[in-house]
Amino acid sequence: RIRKNRNIQVRGASLSEEVLEDHARTIAREHSASTKYYAAKWPLFRMNDNYNAILSVCRSLNEDVAGKRTVPPAAEWLLDNFYIVEEQVKIIRRDLTKKEYNRLPILSKGHQKGYARILAIAMELVSHTDGQIEIGTLLKYLEAYQSHTVLLEREISILPIMIKLALIENIRMISEKIEEARIQWNSADELFEKWMSEDDGDMKIIDRLFKNSMKSMEEVNPSFIEHLFYRLRRSGRSYSNILRYIDEYLDKYNLTTEAIAQKEHNVQAVHTVSMGNCIASLKYISSFDWSEIFESISFLEKILRQDPSGTYGRMDIDSRNHYKRQVGALAKSYGVSELHIAREAIELAKKAASERRPGADENEYVKRSHVGYYLIGNGLKILESRQKGKKKYPDRIRSRLSNRLGFVYLCFIVVFTAILAALAASYAAEHAGGRNTALVVLAGIAVLIPSSEIAVAVANWFVCKVKKPSFFPRLELKEGIPENLSTMVVIPALLSDEKRVEQLLENMESHYLANREKNLYFALLGAFSDSDGPNGDNDAGVLRKASEGIKALNGKYAKEDKDLFYFYNRLRKFNECDRKWTGWERKRGALMELNEMLLGSQETSIAYYSNGKLPSDSIRFIITLDADTMLPFGMAKKMIG
């Protein structure tokens, strides 16, 4: 049975853009948001109820189609596109979590009390656009709403899901209308079939049938009357007497058959258009890239883009979202607005940018003039010290544990292990009757290793709950790698023989073909295999093969006066521990020495390098790869960011 009288309605008058903006300002003034989190009504219960109602209507319509009965025009949209509704319901169930939803501000009064504010906003939008969601209209609607009340970042990020919930609600309400029309059409079909079964066409029988049908209605139903006329017109029999009788009956209600038929046609057309709008909007929202929309309607984004270093605007979407989540966490912790925290961070960055002194460290200046330094870097303490309020108690405890995590981690393992060992020893003492001290000590020692394993597992779980993984912000580099971020992809490897050199050069060429970027260079950082002396019999052949291969690659791909491929090789050094001549510190040492050489050091073990002009000015970043690892297409630029 279809349940009615729900307290959120999404069927309203369709408004023009100007009137819709005025309506957005009005509801912004009326909305009173509560900060009592974990009190919001869980919308998935409503969505599941809506989905079940829509599914029930679809099954009824399928039965009518199978029975070759006529169905309302809007039903065709629903039957043909029900899979879209089903797909979106599954996506919402997967993506919307209670933890995320319960962090949203909820309405504390009004007919939508108890629901998230952003859900109420989405309901109003769908209601007054007849389910036709357009990005331009959405942006103006939200801009008008935020002229009075600024939305939180977490509300903006969840907006697509809320719009989908509102659209599904709207589809359910249209489906109810379709079901009502279907029931009336079936009643009209039954009456018509009874009339057709009367061969003599006795008007008394027809009168009785019609009156009984009308008594079952609380009022004259346009769907019933219109469909009955439709069946009579297609019957091929004379129905003038019936038509005259119905006109006389309707005259009691000051109605005419033509007016009822026209009204019903208009209603069915409206339902068809509304259903089509909702289905099309569901598809459109699911395929749209919302990242740019989020940023255009986010007040927080506009503030953070004032970063004096200009770095924030060049970062990728994940990094910018991480900054905004950090702002939200700080705002919640100190009980202030997100915009306040963002303005404070921008103010600190601008102050650092204006205090640049001649001869100061350039890297330090750039770092301190970036807003991220005060959100996730060492400047976070400076930002927190400017807040007048105190952190909430759980956040203070979490912060203290995070700062002393190493000490707490070790202490926990030791104490927990000792407790488990003591319990084992106590158990052994109880069963030994206190007569065998050696057995008790042995029992305690025997469980030390398994107890420590349990303690480490519990400590790791605790650390993962308290300490979140570190985030590495990245630049997006949409227009390619700039010259001041020139990067070298380095492959450290042992050059055992000429065949191995040939394999490495082929891999390097594949890396280049998958990552053809300007200001991106590739280098083979070689080292000879271990030997009993400083020189090996095959060293000269290896160097010649590598040098010729690099020269061939540059001749094939390099342009202008810059080489793209480089070869560096380290000399062996005597290792007293292994009593062998080998490369110093193997892989880690190779990268350290390459970095020092690029910075101008002359004291490295890199004694051989291919001819060619070094990359412009300096290499700012080094990407290291294992010898046999393949760098996917376009991945180098992402790793640089």
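The values are calculated or read from the model by the stated rules, or taken from the named source; none is laboratory data. Computed from a prediction, not measured in an experiment: that's the story for all the values here. FYI the Cβ positions are ideal-geometry reconstructions off the backbone, even for glycines, and counts take in every protein chain you see. When the accessible area is computed, the model is the full protein with side chains, heavy atoms only, and any ligands, DNA or RNA have been set aside. Shrake-Rupley method; radii C 1.70, N 1.55, O 1.52, S 1.80 Å.
Total residues in region 595-628 satisfying the condition of being touching a Pro at 6+ places or on another chain (Cβ under 9 Å) and either at pLDDT 80 or above or among the basic types (Lys, Arg) (or both): the figure is 0.
Quick one: which of Met275, Met315 is in contact with an Asp or Glu (Cβ under 7 Å, 6 or more places away or on another chain) and open to solvent by less than 40 Å² (accessible area, probe 1.4 Å)?
So the residue among Met275, Met315 that is in contact with an Asp or Glu (Cβ under 7 Å, 6 or more places away or on another chain) and open to solvent by less than 40 Å² (accessible area, probe 1.4 Å) is Met315.
Within region 449-470, the residues that satisfy the criterion of being free of Cβ contacts under 8 Å to residues at least 24 places away in the same chain, within 30 Å of the chain's Cα centre (by Cα) and open to solvent by 70 Å² or more (accessible area, probe 1.4 Å) are Trp461, Cys464, Lys465, Lys468, Pro469, Ser470. Scanning region 568-609 for residues that are within 19 Å of Ser496 (Cβ to Cβ) and of a type in the set (A, V, I, L, M) returns Leu571, Ala590, Ile606, Ala607.
Taken over region 518-537, the criterion of being surrounded by fewer than 19 Cβ atoms within 10 Å (Cβ to Cβ) and either over 50 Å from the mean Cα position of the chain (by Cα) or over 28 Å from Leu485 (Cβ atoms) (or both) is satisfied by Ser529, Asp530, Ser531, Asp532, Gly533, Pro534, Asn535, Gly536, Asp537.
Which one is modelled with the lowest pLDDT, of the residues in region 433-448 that are surrounded by fewer than 12 Cβ atoms within 10 Å (Cβ to Cβ) and assigned to a loop (DSSP other than H, G, I, E, B)? Checking each candidate, the answer is Gly434. Within the span defined as region 363-371, one or more residues are among the hydroxyl-bearing types (Ser, Thr, Tyr), surrounded by 11 or more Cβ atoms within 10 Å (Cβ to Cβ) and either at pLDDT 90 or above or out of contact with any Lys or Arg (no Cβ under 6 Å at 6 or more places or on another chain) (or both). None of Ala424, Ala418 is at negative phi, of a type in the set (Gly, Ala, Ser), in a helix (DSSP H, G or I) and at pLDDT below 85 except Ala424. Checking the structure you have, find out if any residue of region 88-106 is modelled with pLDDT of 90 or more and in contact with a Pro (Cβ under 6 Å, 6 or more places away or on another chain). No; the residues of region 88-106 include none that is modelled with pLDDT of 90 or more and in contact with a Pro (Cβ under 6 Å, 6 or more places away or on another chain). Residues in region 34-77 that are in contact with a Ser or Thr (Cβ under 9 Å, 6 or more places away or on another chain), open to solvent by 50 Å² or more (accessible area, probe 1.4 Å) and at pLDDT below 85: Lys36 alone.
Residue selection: Ile491 fails the criterion of being hydrophobic (A, V, I, L, M, F, W, C), part of a loop (DSSP other than H, G, I, E, B), touching a strand residue (DSSP E or B) at 6+ places or on another chain (Cβ under 7 Å) and within 28 Å of Thr624 (Cα to Cα). Would you confirm whether any residue within region 387-405 is at pLDDT 75 or above, over 21 Å from Lys324 (Cβ atoms), out of contact with any helix residue (DSSP H, G or I) (no Cβ under 7 Å at 6 or more places or on another chain) and not in a loop (DSSP other than H, G, I, E, B)? Checked against the condition, which is being at pLDDT 75 or above, over 21 Å from Lys324 (Cβ atoms), out of contact with any helix residue (DSSP H, G or I) (no Cβ under 7 Å at 6 or more places or on another chain) and not in a loop (DSSP other than H, G, I, E, B), region 387-405 yields no hits at all.
Listed here are the residues, each with its yes/no results for (1) among the aromatic types (Phe, Trp, Tyr); (2) over 26 Å from Tyr141 (Cα atoms).
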position	(1), (2)
Asp251	no, yes
Thr257	no, yes
Gln262	no, yes
Ser281	no, no
Phe288	yes, no
Ile297	no, no
Asn321	no, no
Gly328	no, no
Leu348	no, yes
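No other residue among Leu504, Leu477, Leu495 is crowded, with 16+ Cβ neighbours inside 10 Å and under 23 Å from Gly313 (Cβ atoms) apart from Leu477. When region 147-196 is examined, which residues are found to be outside any helix (DSSP H, G or I) and among the charged types (D, E, K, R)? Within region 147-196, none qualify.
In region 131-146, what residues are farther than 15 Å from Ile285 by Cβ and crowded, with 20+ Cβ neighbours inside 10 Å?
Matches in region 131-146: Ala144, Tyr145.
Quick grid of which residues meet (1) buried (at least 18 other Cβ atoms within 10 Å of the Cβ); (2) free of Cβ contacts under 8 Å to residues at least 24 places away in the same chain; (3) within 30 Å of Leu485 (Cβ to Cβ):
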site	(1), (2), (3)
Arg516	no, yes, yes
Asp539	yes, yes, no
Ile550	yes, no, yes
Gly555	no, yes, yes
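With the structure loaded, tell me whether Asn266 is more than 30 Å from Ala349 (Cα to Cα), exposed (fewer than 14 other Cβ atoms within 10 Å of the Cβ) and not β-branched (Val, Ile, Thr) or whether it fails that test. Criteria met by Asn266. One residue alone among Gly313, Gly276 is closer than 30 Å to Ile341 by Cβ and modelled with pLDDT of 85 or more, and that residue is Gly313. Any residue at all in region 97-109 that's surrounded by 19 or more Cβ atoms within 10 Å (Cβ to Cβ) and part of a helix (DSSP H, G or I)? Yes, region 97-109 has at least one match. Would you say Ala352 is of a type in the set (A, V, I, L, M, F, W, C), crowded, with 19+ Cβ neighbours inside 10 Å and part of a helix (DSSP H, G or I)? Yes: the conditions hold for Ala352.
What pairs can you find where one residue is in region 249-262 and open to solvent by less than 100 Å² (accessible area, probe 1.4 Å), the other is part of a loop (DSSP other than H, G, I, E, B) and at pLDDT 75 or above, and their Cβ atoms are less than 8 Å apart, with a gap of 6+ or different chains? Close Cβ pairs (under 8 Å, with a partner that is part of a loop (DSSP other than H, G, I, E, B) and at pLDDT 75 or above) amount to Leu250/Thr256. Residues of region 219-239 that are surrounded by fewer than 20 Cβ atoms within 10 Å (Cβ to Cβ), over 16 Å from Asn254 (Cα atoms) and modelled with pLDDT under 65: Gly236, Arg237, Ser238.
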